[in-house]
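Asker: Here it is, the structure in full.
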Amino acid sequence: MNAVKGANSRLLYSIFCRKKGNVSIRLSVKKSIMPFQRSSVLLHFRKVMEQVNGNSFVFAVFTLVYLGMIFGRFPRLALDRTGIVLLGAIALLASGHARLDGGASGIDVPTILLLFGFMIISAQFRLGGFYSEVSRRISSLPVSPGVLLGVVILSAGGLSALLTNDVVCLAMTPVIGQGCIRRKLNPLPFFLALACAANIGSGLTLIGNPQNMLIGESLHLSFSGYLWWALPPVLVSLLAEWRIITVLFRGKMHLEITREQEPERAFDRWQTLKGAAVLASVVGFFLFSALPRDLVALAAAGILLLSRTMASRRTLDTVDWQLLALFLGLFVVNGAFEAVGGLEIMKDGLARLGVSLASPSWLYGVTTVLSNLVSNVPAVMLLLPLVRDIPGAGHILAVSSTFAGNLLIVGSIANIIVAGEAERMGIPFDWKGHARVGVPVTLASLAAGLACMALFRAS
């Protein structure tokens, strides 16, 4: 078996480095050209081939998983992205290339617990009708369409900073849409504003979205320190978003749509107050205590599950188990890939191309592209080990991966949720319409982030 695995590397070695007596076989095109066996390119290539051949199964699984993440499916198989990732993790576990004992799987348990805890907190607000009530009140404000758009942006951004942006979009989209229809307004700019603002606003804190939770827990970032660092680019980005949408939809805000209104979720004041008290306590612990954030969030989830009126089954039914399964599977796949030196190969390859992730602009660029190929959560999970030892890289990775989610509709789950709800309501929301707003908003956000970082460094 070992002979088979090393066959390719030995073949290359025999071609390029075989000797007859004391004379090496060399490529002599010009005397000035360095002998092939002394070339750094060849040495790097041989090293990579030896690693790949010795761990071909791991590299193959990793490649197939991320190709599946890019395309969203495999031909003739009813697998979504989560199914593809889980299949890859199962293959690695079954073959012995990954284990679940002793933390060898690479699963970051604190991140999983933190994410689960905030899913329960978000479920409390959703089941209590809080999101519907906020959306209803916003839609009924007696203000101009431009001001209403600004209120939607600030509300979605603010809520997403403390609660999961995906849940905010899922709960607010239908109510905002119905409010627009009642007021004879075009729902599309408000849907776009909601999706983009939820993504941008979630970058304000380390609990606003799953990738920020992962970064914060992995790098042990200060909650308050990151908050103050991210505040300027987030505020500038939200303002830029409002300006871009008002310009692009000037004269197109009004649209009369006839559609039957759907019943809204009843508002439960007590359940909302209970959720707000628990959330405020959690944020207080994050700001003023050294207790592990995952345990604080888990304790909060336990308190909310203790209820006389809201069944725990209903709460647990709203948990995004698909996302948790995606996290677990990616931890296994990426952990196995890192264990066989895959990340080092990637790092060396980027360095040889002149790409330095220590540079904020390069990190912004790579994160933006990768986030829109495989979505922002997998992108962060792949890049995080490469920038772990770079000062300030965690902050940049968190903001850039969040802002990058607005570029294309596949860049963020929040975008897909809003698009799906819009289409269900009969409102056209395709990738071209999203890109018309998402591309300039993303460019403006990334520019704001880079400018703010430059100012911080100069001061």
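Asker: Residues to consider are Leu386, Leu343, Leu350; find the one that is within 25 Å of Ala454 (Cβ to Cβ), surrounded by fewer than 22 Cβ atoms within 10 Å (Cβ to Cβ) and touching a residue at least 40 places away in the same chain (Cβ under 8 Å).
Answerer: Leu386
Asker: Please go through the range 146-188 and pick out each residue that is basic (Lys, Arg) and farther than 21 Å from Leu248 by Cβ.
Answerer: Arg182 - this is the single residue of the range 146-188 that is basic (Lys, Arg) and farther than 21 Å from Leu248 by Cβ.
Asker: Do we find that Gly438 is at pLDDT below 85, of a type in the set (Gly, Ala, Ser) and part of a helix (DSSP H, G or I) in this structure?
Answerer: no
Asker: For the range 365-381, enumerate the residues that are more than 13 Å from Asn415 (Cβ to Cβ), in contact with a Ser or Thr (Cβ under 6 Å, 6 or more places away or on another chain) and of a type in the set (Gly, Ala, Ser).
Answerer: Correct list: Ala379 only.
Asker: Take Asn212 and tell me if it is surrounded by 23 or more Cβ atoms within 10 Å (Cβ to Cβ), closer than 15 Å to Gly394 by Cβ and of a type outside the set (Gly, Ala, Ser).
Answerer: yes
Asker: What number goes with the only condition from (1) within 16 Å of Ile207 (Cα to Cα); (2) modelled with pLDDT under 90 that Ala301 does not pass?
Answerer: Condition not satisfied by Ala301: (2).
Asker: Continuing with the same structure: Of the residues that sit in the range 405-423 and are within 13 Å of Cys169 (Cβ to Cβ), in a helix (DSSP H, G or I) and of a type outside the set (A, V, I, L, M), which one is modelled with the highest pLDDT?
Answerer: Asn415
Asker: Enumerate the helices (runs of 4 or more DSSP H) found wholly within the range 19-107, keeping only those where 1 or more residues are at pLDDT 85 or above and either of a type in the set (Asp, Glu) or more than 25 Å from Gly349 (Cα to Cα) (or both). Reasoning before the result, please.
Answerer: Values: elements: 40-54, 56-71, 81-95.
The helices (runs of 4 or more DSSP H) meeting that bar are 81-95.
Asker: Of all the residues that make up the range 75-127, how many are under 18 Å from Thr63 (Cβ atoms) and touching a Ser or Thr at 6+ places or on another chain (Cβ under 7 Å)?
Answerer: The number of residues fulfilling the criteria is 1.
Asker: Report, by residue number, each residue of the range 300-315 that is touching a residue at least 12 places away in the same chain (Cβ under 8 Å) and in a helix (DSSP H, G or I).
Answerer: Ala300, Ala301, Ile303, Leu304, Leu305, Arg314, Thr315
Listed here are the residues, each with its yes/no results for (1) farther than 28 Å from Asn165 by Cβ; (2) in a loop (DSSP other than H, G, I, E, B); (3) outside the structural domain of Gly438 (by TED's automatic domain parsing).
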| residue | (1), (2), (3) |
| --- | --- |
| Leu350 | yes, no, no |
| Gly365 | no, no, no |
| Asn372 | no, no, no |
| Leu382 | no, no, no |
| Ile390 | no, yes, no |
| His395 | no, no, no |
| Phe403 | no, no, no |
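Asker: While we're looking at this one, here's another question. Of all residues in the range 357-369, count the ones that are free of Cβ contacts under 8 Å to residues at least 24 places away in the same chain and crowded, with 20+ Cβ neighbours inside 10 Å.
Answerer: Qualifying residue count, the range 357-369: 1.
Asker: If I go through the range 117-150 residue by residue, how many of them are more than 13 Å from Val167 (Cα to Cα), assigned to a helix (DSSP H, G or I) and either without any contact (Cβ under 8 Å) to a residue 24 or more places away in the chain or not assigned by TED's automatic domain parsing to the domain that holds Leu192 (or both)?
Answerer: The number of residues fulfilling the criteria is 3.
Asker: Still on this model: From the list Ser202, Ser224, Ser218, exactly one residue is crowded, with 20+ Cβ neighbours inside 10 Å and of a type in the set (Ser, Thr, Tyr). Which is it?
Answerer: Ser202
The values are calculated or read from the model by the stated rules, or taken from the named source; none is laboratory data. Keep in mind that what you see is a predicted model, and the values were worked out from it rather than measured. Here Cβ is always computed from backbone atoms with ideal geometry, including for glycine, and neighbour counts include all displayed protein chains.
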